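Colleague: Got a structure here, written out as structure tokens. Questions coming.
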Amino acid sequence: MKTVSLLILLSLPFNLLAQSAAEQGLQIAREADRRDTGFHDSSAAMRMILRNRQGDESNRLIRVRTLEQPDDGDKSLTTFDEPADVKGTNFLSFTHKTGPDDQWLYLPALKRVKRISSRNKSGPFMGSEFAYEDLSSQEVEKYTYRYVRDDSYEGLDTFVLERYPQDKDSGYTRQVVWLDKQAYRPQKIEFYDRKNSLLKTLTYSGYRRYLNKFWRADEMFMENHQTGKSTRLIWTDYRFQTGLTDRDFDRNSLKRTR
Amino acid sequence: MTRQLAEGLIRWRWLLLIGAVATALLAVSGVRFLGFSNDYRVFFSKENPQLLAFEQLQSTYTKADNVLFVLAPADGDVFSPQTLAAIEWLTRQAWQIPYSIRVDSVTNFQHTRVQGDDLSVEDLVRDAGAYSAAELQKIKQVALHEPQLINRLVAPDARVAGVNVTIQLPGIDPQAEVPEVVAFSRDLAAQLQQRFNDIDVHLTGIVLLNNAFSENSIKDMSTLVPVMFGVIVVFLLLLLRSFWGTLATVLVIALSIVTAIGSAGWLGIQLSAPSASAPTMIMTLAVADCVHLLVSFLQRLRDRADRRAAMVEALRINLQPIFLTSLTTAVGFMSMNFSDAPPFRDLGNIVAIGVLAAFFYCLALLPALMVALPVRAPAMRNRSMAAMDGIADFVIRYRRPVLGGMLFLVVGLIVFIPNNELNDEFVTYFDQRVPFRVDTDFTTRNLTGLYNIAYSVNAADSGGISEPAYLRKLDEFANWYRQQPEVIHVSTLSDTLKRLNKNLHGDDPRWYRIPDSRELAAQYLLLYEMSLPYGLDLNNQINVDKSASKLDVSLRSLSSNATIALEARARQWLAAHAPAYMHTHGASPSVMFSHIGSRNIRSMLVGTTVALLVISMILVFALGSLRMGLISLVPNLVPAAMAFGLWGLLVGHVGLALSVVAGMTLGIVVDDTVHFLSKYLRARREEGLSPAAAVRFAFHTVGTALWTTSVVLIAGFLVLTYSPFELNSGMGLLTAITIGLALLADFLLLPTLLMTLDKKDAYENRQPADPVKSAV
């Protein structure tokens, strides 16, 4: 037993040993963030397939534009295409590294922009198993981290990190993230609810590299273990550096964008 | 042949003893597989249509049970800083309850407001301790005008408030899950009372209901069984007046119980509230076999026979009746397999196994023990014999008036059977000694009802729940329901949309109405859903396709018939006022329990008829006379009919548990008839006596045994009435009444019938002899 643990210890790189699990976790998160920095802007279409315990399915279709911010969280503009009765609804959000995000919604039926003032980011996004906080820009500062262990996932060598939301209104006590060592891409995330029971598992598949640097998954599958419901996201039409600017992410653009 | 069997039982007694002990040990090892069910759904068979409808509803929305904390502050004001702080504390802590997926209360109610172009969605109460009087007043105003809160989470008079926790039991280990949730919740309630002075906390909800079922089954087992043992020992000592005889009987009974319960384990039966009364019933039923055998044995012994000879003779004359009565009793209990409610099938099977085991142990253990142990004959007692002869004389002398009187009584009671109204209110399954009952009654009186009906109301198409026509109709339906006197609260999506419409028009109360277009409603919902926190989403009221929404109705304490009638009225309303796609029917535990009584009575009618046919065939075969078999039908059927009539006169409502009584008692009451008829026939055939003389003979020989075993049976089933579980206590009481009436029928109706219907000269071709001396 002793020799086994000694062998494991020896097999770890020396500098990692010297660090605490928290430092090591943060370092991995930073590295993942660094590797995904510099895409400037992107756009993509997403189909959501919602499924309940009975197997009934329902679809939602949205488009997302993202603008990278050098010193803060990303700005994003989400356009709803389906279902038809919410077509043309636009959702603008400015994520912040600390503090609540800013959110506005344009309702075409009301022809008005409404700012959503709410601490709540943990509710389901369009009735799906994804919370807004699962889909919004994952800033390093939103969590504290702990490196847990190395693991392998679907044949990939991975780090396993735990991250703890800083936001008190988060729906989670912690998340466990499997990041592959090769490209620091999230492969699987387990979400633990407020009583620290496993709530959901998110798995990523079909990673593709864009601009020779940025990895995006074609499919994200979220399964709720407590309710038996699930949601599959299918991403298409990824485009990068299409020339979007801050002017495409303000209150006026909310009304304009189709 | 009977003599050879009896001799064989004596010769091989030690082998039989070892075999019996081995059988018992083998069976008892099955006990480790036993568990107590704690799910009210066990009462429903897999194919029960109301259960299927409810499960469909749950898998469309959220499959969930609940724990409801009801807080009653001593000062009678929920909107005090302290009580609000207590609710806030409990609301936060309740997320820690195992398997909780949602917590709703006044404090975390998602209050929507507008300020300019800002829509704010936040907890109605945050940090209540710091509120000013004006702020408290404002919160009170909002809460008492919010249809989603009032009569559901806060009482209109603001004296009590609730915290409702939605629990999603994984169902992997139900034995552990329910108690885990309940223990945690009770601990929270205790903590709250410690932290915040002068607040009473009551606990109810479906999880508590489930827990009450298992808790009280265990209590039944652990209190009723010892009481019953005490009763049995006292009776045995009085009846047999033999220490060794009593001890041997107790041994037979104990082995019968462990064999039955152990076999239940082997069969994979999960004990539930009804089947928890099996040991008490087995104990009661097992006594009879032993008493009949031992009474004969002790009589022989008194006549100075040696123990071995006395036992052979006792076996010879009792083997057939004991076998017959055990068989018919088992058949009667097995009729419960026709019940729609699986726990009663289990009860029937366990008791049937127990009865057959008792027969086996009685024959395998008693001979060896009685021959080996230093049993002495007790002194003769003649009082009861004399009394029996007195009854016989009376019945023979006044046969016509007695028969007439009995027929009058029978008819007089039977006409009251229709007085019985079917009713299964699951809260009243528990009596006032059960905290669940007390807390639930408090909740129903002061806050909201545990009884409910839920509807999944379809819209015309995918996303159709946003259609104004749908929402308006839904709103009308909800309003219709609110006008019904049986209803406490209605929760509907249309209320949420009216509120949002008002919010987005500057909180102008004139806009508290259904939005004018589908797009508007859909976009409001999108906006609202985007701003809700974890766990407080709309997924429990809207299906994934947004093509149906759930409407929940909370009810006052309602009888089954009233629930069925209300639900029928609701369906009529929909049929008359709503488009066809909105037509739907209600589903809920209340609806399920409302139908369970009539479903069971229908299935048990078949079961009882089958049992009657089988038992009658056994009797015809055993008595060797079709005529006697037919005559025996009367005293076999009449007691249950009379008992239900008496019940209709005195109590007036029957439910699930009582629907099985007729079938169950059939097998028991038939025993008395068998004993009486077999002695009567022996007198007629072997001694060539007249019907009247044969009646006297039957009274003389088995009268004492009949009334003593009946008394033991009545006492045994009366012990069940001590159960806090009214399914069991009602069943015990009605069974005891039935057995009492059966004795009456056997003493007064059967003999007079025989004297009237039996052809006088059928067997009178033999020499008469002194019956008392020759034939016992």
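Colleague: Which residue out of B:Leu203, B:Leu208 is in contact with an Asp or Glu (Cβ under 8 Å, 6 or more places away or on another chain), not in a helix (DSSP H, G or I) and not hydroxyl-bearing (Ser, Thr, Tyr)? Break it down into steps so the answer makes sense when it comes.
Modeller: Values: B:Leu208 fails: not in a helix (DSSP H, G or I).
After ruling out the rest, the residue left standing is B:Leu203.
Colleague: Do the conditions hold for A:Leu6, that is, is it modelled with pLDDT of 90 or more and either in a strand (DSSP E or B) or over 15 Å from the mean Cα position of the chain (by Cα) (or both)? Please lay out each step first, then the result.
Modeller: Numbers: modelled with pLDDT of 90 or more: no; either in a strand (DSSP E or B) or over 15 Å from the mean Cα position of the chain (by Cα) (or both): yes.
When the stated conditions are applied, A:Leu6 does not pass them.
Colleague: Which of the residues spanning segment A:143-166 are more than 22 Å from B:Val121 (Cα to Cα) and crowded, with 18+ Cβ neighbours inside 10 Å?
Modeller: A:Tyr143, A:Tyr145, A:Arg146, A:Tyr147, A:Thr158, A:Phe159, A:Val160, A:Leu161, A:Glu162, A:Arg163
Yes or no, residue by residue, for (1) under 37 Å from the mean Cα position of the chain (by Cα); (2) within 30 Å of A:Leu110 (Cα to Cα); (3) of a type outside the set (Val, Ile, Thr); (4) within 14 Å of chain A (Cβ to nearest Cβ):
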{"residue": "B:Pro418", "(1), (2), (3), (4)": "yes, no, yes, no"}
{"residue": "B:Thr443", "(1), (2), (3), (4)": "yes, no, no, no"}
{"residue": "B:Leu450", "(1), (2), (3), (4)": "yes, no, yes, no"}
{"residue": "B:Phe477", "(1), (2), (3), (4)": "yes, yes, yes, no"}
{"residue": "B:Gln483", "(1), (2), (3), (4)": "yes, no, yes, no"}
{"residue": "B:Asn501", "(1), (2), (3), (4)": "no, yes, yes, yes"}
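Colleague: Going through B:Gly268, B:Gly262, B:Gly332 one at a time, which residue ends up being more than 23 Å from B:His700 (Cβ to Cβ) and not in a helix (DSSP H, G or I)?
Modeller: B:Gly268
Colleague: Here's a follow-up. Name the pairs: first residue in segment B:735-760 and under 19 Å from B:Asp393 (Cβ atoms), second residue basic (Lys, Arg), Cβ to Cβ under 6 Å, at least 6 apart or on different chains?
Modeller: B:Thr752/B:Arg399; B:Met755/B:Arg399
Colleague: Another question, if that's okay. Which of the residues belonging to segment B:538-568 are within 30 Å of B:Pro485 (Cβ to Cβ), in contact with a helix residue (DSSP H, G or I) (Cβ under 9 Å, 6 or more places away or on another chain) and of a type outside the set (A, V, I, L, M)?
Modeller: Scanning segment B:538-568 gives B:Gln541, B:Ser549, B:Lys550, B:Arg556, B:Ser557, B:Ser559, B:Ser560, B:Asn561, B:Thr563, B:Glu567.
Colleague: Taking the criterion of being over 30 Å from A:Leu198 (Cβ atoms), at pLDDT below 90 and facing chain B (nearest Cβ under 9 Å), would at least one residue in segment A:115-138 satisfy it? If you could, list the steps in order and put the result at the bottom.
Modeller: We begin by selecting, within segment A:115-138, every residue over 30 Å from A:Leu198 (Cβ atoms); these are A:115, A:117.
Retained after the next criterion (residues that are at pLDDT below 90): A:115, A:117.
Okay, now just the ones that are also facing chain B (nearest Cβ under 9 Å), so A:115, A:117.
Taking every residue of segment A:115-138 in turn, at least one turns out to be over 30 Å from A:Leu198 (Cβ atoms), at pLDDT below 90 and facing chain B (nearest Cβ under 9 Å).
Colleague: Just for segment B:497-536: of the residues that are acidic (Asp, Glu) and closer than 16 Å to B:Ser120 by Cα, which one is surrounded by the fewest Cβ atoms within 10 Å (Cβ to Cβ)? Let's see the steps before the verdict.
Modeller: Here is the first cut: in segment B:497-536, the ones acidic (Asp, Glu) are B:507-508, B:516, B:519, B:529.
If we keep only those that are closer than 16 Å to B:Ser120 by Cα too, we end up with B:507-508, B:529.
Values: B:Asp507: 14, B:Asp508: 12, B:Glu529: 19.
If we take residues in segment B:497-536 being acidic (Asp, Glu) and closer than 16 Å to B:Ser120 by Cα, then B:Asp508 is surrounded by the fewest Cβ atoms within 10 Å (Cβ to Cβ).
Colleague: Looking at segment B:1-47, which of the residues that are in a helix (DSSP H, G or I), at pLDDT 85 or above and among the hydroxyl-bearing types (Ser, Thr, Tyr) is surrounded by the most Cβ atoms within 10 Å (Cβ to Cβ)?
Modeller: B:Tyr40
Colleague: When only residues in segment A:199-258 that are in contact with a Phe, Trp or Tyr (Cβ under 9 Å, 6 or more places away or on another chain) and of a type in the set (A, V, I, L, M) count, which is nearest to A:Ser76 (Cα to Cα)?
Modeller: Going through the qualifying residues, I end up with A:Leu254.
For every residue, the table says whether it meets (1) over 30 Å from A:Arg256 (Cα atoms); (2) part of a loop (DSSP other than H, G, I, E, B).
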site	(1), (2)
A:Phe91	no, no
A:Arg119	no, yes
A:Gln138	no, yes
A:Thr144	yes, no
A:Arg149	yes, no
A:Asp157	yes, no
A:Asp167	yes, yes
A:Gly171	yes, yes
A:Ile189	yes, no
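Colleague: Further question on the same structure: Which of the following residues is touching a helix residue (DSSP H, G or I) at 6+ places or on another chain (Cβ under 9 Å), aliphatic (A, V, I, L, M) and either in a loop (DSSP other than H, G, I, E, B) or over 28 Å from B:Asp537 (Cα atoms) (or both): A:Leu202, A:Leu161, A:Leu233, A:Leu244?
Modeller: A:Leu161
Colleague: Quick check on my filter: what residues within segment B:564-599 are touching a strand residue (DSSP E or B) at 6+ places or on another chain (Cβ under 7 Å) and closer than 30 Å to B:Thr428 by Cα?
Modeller: Passing the criteria: B:Glu567, B:Thr584, B:Gly586, B:Ala587, B:Ser588, B:Ser590, B:Val591, B:Gly597, B:Ser598.
Colleague: Is it true that B:Gly171 is outside any helix (DSSP H, G or I) and in contact (Cβ under 8 Å) with a residue 60 or more places away in the chain?
Modeller: For B:Gly171, the condition - outside any helix (DSSP H, G or I) and in contact (Cβ under 8 Å) with a residue 60 or more places away in the chain - is not met.
Colleague: Kindly indicate whether any position in segment B:347-360 is surrounded by fewer than 22 Cβ atoms within 10 Å (Cβ to Cβ), of a type outside the set (Lys, Arg), in contact with a helix residue (DSSP H, G or I) (Cβ under 7 Å, 6 or more places away or on another chain) and at pLDDT below 90.
Modeller: Looking through segment B:347-360, none of the residues is surrounded by fewer than 22 Cβ atoms within 10 Å (Cβ to Cβ), of a type outside the set (Lys, Arg), in contact with a helix residue (DSSP H, G or I) (Cβ under 7 Å, 6 or more places away or on another chain) and at pLDDT below 90.
Colleague: Right, next: I'd like the full set of residues that are among the β-branched types (Val, Ile, Thr) and either in contact with a strand residue (DSSP E or B) (Cβ under 9 Å, 6 or more places away or on another chain) or within 11 Å of another protein chain (Cβ to nearest Cβ) (or both), limited to segment A:71-109.
Modeller: Pass one, segment A:71-109, residues among the β-branched types (Val, Ile, Thr): A:78-79, A:86, A:89, A:95, A:98.
A:Thr78, A:Thr79, A:Val86, A:Thr89, A:Thr95, listed by residue number.
Colleague: Continuing with the same structure: If you take the residues of segment A:48-60 that are part of a strand (DSSP E or B) and surrounded by fewer than 16 Cβ atoms within 10 Å (Cβ to Cβ), which of them is farthest from the other protein chains (Cβ to nearest Cβ)?
Modeller: A:Asn59
Colleague: Considering only residues that are more than 17 Å from A:Lys195 (Cα to Cα) and of a type in the set (Asp, Glu), look in segment B:89-126 and name the one that is farthest from the other protein chains (Cβ to nearest Cβ).
Modeller: B:Asp123
Colleague: Please specify each residue of segment B:634-651 satisfying the condition of being touching a Phe, Trp or Tyr at 6+ places or on another chain (Cβ under 9 Å) and crowded, with 19+ Cβ neighbours inside 10 Å.
Modeller: Across segment B:634-651, the qualifying residues are B:Pro635, B:Phe644, B:Gly645, B:Leu646, B:Trp647, B:Gly648.
Colleague: Sort out which residues of segment B:520-537 are in contact with a helix residue (DSSP H, G or I) (Cβ under 6 Å, 6 or more places away or on another chain), within 7 Å of another protein chain (Cβ to nearest Cβ) and in contact (Cβ under 8 Å) with a residue 12 or more places away in the chain, and write them in order of number. So that I can check it myself, show each step before the final result.
Modeller: Quick first cut of segment B:520-537, residues in contact with a helix residue (DSSP H, G or I) (Cβ under 6 Å, 6 or more places away or on another chain) only: B:521-524, B:526, B:528.
Then keep just the ones that are within 7 Å of another protein chain (Cβ to nearest Cβ); that gives B:522-523, B:526.
Matches in segment B:520-537: B:Ala522 only.
Colleague: Which one of B:Gln82, B:Gln56, B:Gln50 is part of a helix (DSSP H, G or I), surrounded by fewer than 21 Cβ atoms within 10 Å (Cβ to Cβ) and away from chain A (no Cβ under 14 Å)?
Modeller: B:Gln82
This table checks each residue for (1) farther than 12 Å from A:Leu254 by Cβ; (2) touching a residue at least 24 places away in the same chain (Cβ under 8 Å); (3) under 16 Å from the mean Cα position of the chain (by Cα).
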residue: A:Ala84; (1), (2), (3): yes, no, no
residue: A:Gln103; (1), (2), (3): no, no, no
residue: A:Pro108; (1), (2), (3): no, no, no
residue: A:Arg119; (1), (2), (3): yes, yes, no
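Colleague: Then there's this: Can you name the condition, by its number, that B:Met582 falls short on among (1) within 14 Å of chain A (Cβ to nearest Cβ); (2) in contact with a Lys or Arg (Cβ under 8 Å, 6 or more places away or on another chain); (3) at pLDDT 90 or above?
Modeller: (1)
Colleague: Would you check which residues across segment B:184-197 are surrounded by 12 or more Cβ atoms within 10 Å (Cβ to Cβ) and not aromatic (Phe, Trp, Tyr) and list them?
Modeller: Matches in segment B:184-197: B:Ser185, B:Arg186, B:Asp187, B:Leu188, B:Ala189, B:Gln191, B:Leu192, B:Gln193, B:Arg195.
Colleague: Take the residues of segment A:166-201 that are at the interface with chain B (Cβ under 9 Å from one of its Cβ atoms) and closer than 22 Å to B:Gln110 by Cβ: which is farthest from the chain's Cα centre (by Cα)?
Modeller: A:Lys195
The values are calculated or read from the model by the stated rules, or taken from the named source; none is laboratory data. Just so we're clear, the structure is a prediction, and the values are computed from it rather than from any experiment. In this analysis, Cβ positions are derived from the backbone assuming ideal geometry, glycine residues included, and neighbour counts consider all displayed protein chains.
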